1. Suppose we filter segment 224-246 for residues that are over 15 Å from D268 (Cβ atoms) and surrounded by 15 or more Cβ atoms within 10 Å (Cβ to Cβ); how many remain?
2. Tell me which of these E187 doesn't satisfy, since it passes every other one: (1) of a type outside the set (S, T, N, Q); (2) in contact with an Asp or Glu (Cβ under 7 Å, 6 or more places away or on another chain); (3) open to solvent by 30 Å² or more (accessible area, probe 1.4 Å).
3. Could you please tell me which pairs satisfy a Cβ distance under 7 Å, a separation of 6+ or placement on different chains, a first residue in segment 232-246 that is more than 14 Å from H213 (Cα to Cα), and a second residue that is open to solvent by less than 50 Å² (accessible area, probe 1.4 Å)?
4. Could you pull out the residue among C70, C16 that is among the hydrophobic types (A, V, I, L, M, F, W, C) and at pLDDT 85 or above?
5. Being on the phi > 0 side of the Ramachandran plot and either open to solvent by less than 30 Å² (accessible area, probe 1.4 Å) or assigned to a loop (DSSP other than H, G, I, E, B) (or both), is that true of even one residue in segment 260-273?
6. Test G194 against the criterion of being on the phi > 0 side of the Ramachandran plot and either under 18 Å from the mean Cα position of the chain (by Cα) or open to solvent by 20 Å² or more (accessible area, probe 1.4 Å) (or both), and give yes or no.
7. So is A231 part of a helix (DSSP H, G or I), farther than 25 Å from E187 by Cα and of a type in the set (A, V, I, L, M) or not?
8. Scan segment 36-53 and report the pairs whose first residue is within 13 Å of K80 (Cβ to Cβ) and part of a helix (DSSP H, G or I) and whose second residue is open to solvent by 30 Å² or more (accessible area, probe 1.4 Å) and among the charged types (D, E, K, R), with Cβ atoms within less than 7 Å and a gap of 6+ or a chain change.
Amino acid sequence: QLHHYEDHPYNYNVDCGTLEMISILVSKRGSIDLSLLIIEMAESFGYNISESMFEDVILSFAASRQVPQCLGALVDMETKGHVPSRELLRKVAKKLSYDDKRLRYTQHILTGNDNGNILSTATLNSLMMGYGMKKNIQAAFDVFDSFPELGLKRNSNTVTFLMEILYFSTKQRFGRRLYATDSLRPEDVNDVIGEIDIVLSTMKEEDIEATRHFYHEYVRLLCSLGLFEDAKLALDEAVSNNIKLQVGTIFLLSVQCAHRGHFDMAKDVARLSVAAGCGKQPTLIRRINNLQNQALGVWGKTKEAIDEQS
């Protein structure tokens, strides 16, 4: 019936909320024709196209493998004053990373001469992250380096994605897993630190703000290298800059410190939770204490038994 909205006999406009709800359902089906119809209807009723509707159209284009249209819709979204979310860019990147051919095609049209209506920081971020998801680290860094050449400014999503890509790279190159007990060779660690320094120096030179998402990826990468003191310093820096961290970042560093036997540092990180805007975390404290008791060989014993053994 919505297809014939121009012929409806009543003086009634479908409310914007209803259109958004239908748009979400249509996007899940990947029906680009219906997604575009929702946009047409919204405009005919005098509504501004919402961020949610733009995201649904972009994902519908991505699902139907219409890469130029997907990138163009991302640019249109920015032109209308909306900021594409980090999660949206990740979803687009995932579609682009379906195969190497699609990634190469995307890079070709973004860096070609006729790229004015599809080139933006958001579209290039999606391409870079797509290469990262495909574990093509060199190609991701090539995209990162191409921003100035294409007249674009890197932003917080750019550096956050690159830190995440470096984490992928570290796991791929060294087979690292969380709570690993082995240690990397110094030259291995230095290689990754050099790549981290490139990102950090770029942030300083281009005055890119470090967000809570950036600190999460930064801390996770440092933990994968066993650089827990550096990770703690990064958290201290975030707190001093009044950045509200994700509670998962606090848990990540604190628990990994505890697993490696750094119990004092683990508790120090846990105590940062309130200052980091995450509130008190009694569950985290109990987990650290349990891990410490387990390390002492007193797992599951009563406090009296623990004191007696001590």
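The values are calculated or read from the model by the stated rules, or taken from the named source; none is laboratory data. Owing to the predicted nature of the structure, the values given are computational and were not obtained by experimental measurement. For neighbour counting, all protein chains shown are included, and Cβ atoms are generated from backbone atoms with ideal geometry for every residue, glycine included. Remember, those area values only see protein heavy atoms, side chains included, never the ligands or the DNA or RNA. Shrake-Rupley method; radii C 1.70, N 1.55, O 1.52, S 1.80 Å.
1. 6
2. (2) is the only condition that E187 fails.
3. Once the first residue is more than 14 Å from H213 (Cα to Cα) and sits in segment 232-246, its partners that are open to solvent by less than 50 Å² (accessible area, probe 1.4 Å) give K232/L253; K232/M265; K232/V269.
4. Residue meeting the stated conditions: C70.
5. If we filter segment 260-273 for residues that are on the phi > 0 side of the Ramachandran plot, which is where we start, we get 261.
Narrowing the set further to residues that are either open to solvent by less than 30 Å² (accessible area, probe 1.4 Å) or assigned to a loop (DSSP other than H, G, I, E, B) (or both) leaves 261.
The answer is yes; a qualifying residue exists.
6. On the way: on the phi > 0 side of the Ramachandran plot: no; either under 18 Å from the mean Cα position of the chain (by Cα) or open to solvent by 20 Å² or more (accessible area, probe 1.4 Å) (or both): yes.
The answer is no for G194.
7. Numbers: part of a helix (DSSP H, G or I): yes; farther than 25 Å from E187 by Cα: no; of a type in the set (A, V, I, L, M): yes.
Spelling it out, it is not the case that A231 is part of a helix (DSSP H, G or I), farther than 25 Å from E187 by Cα and of a type in the set (A, V, I, L, M).
8. That search, which allows pairs on different chains as well, returns S52/E20; M53/E20.
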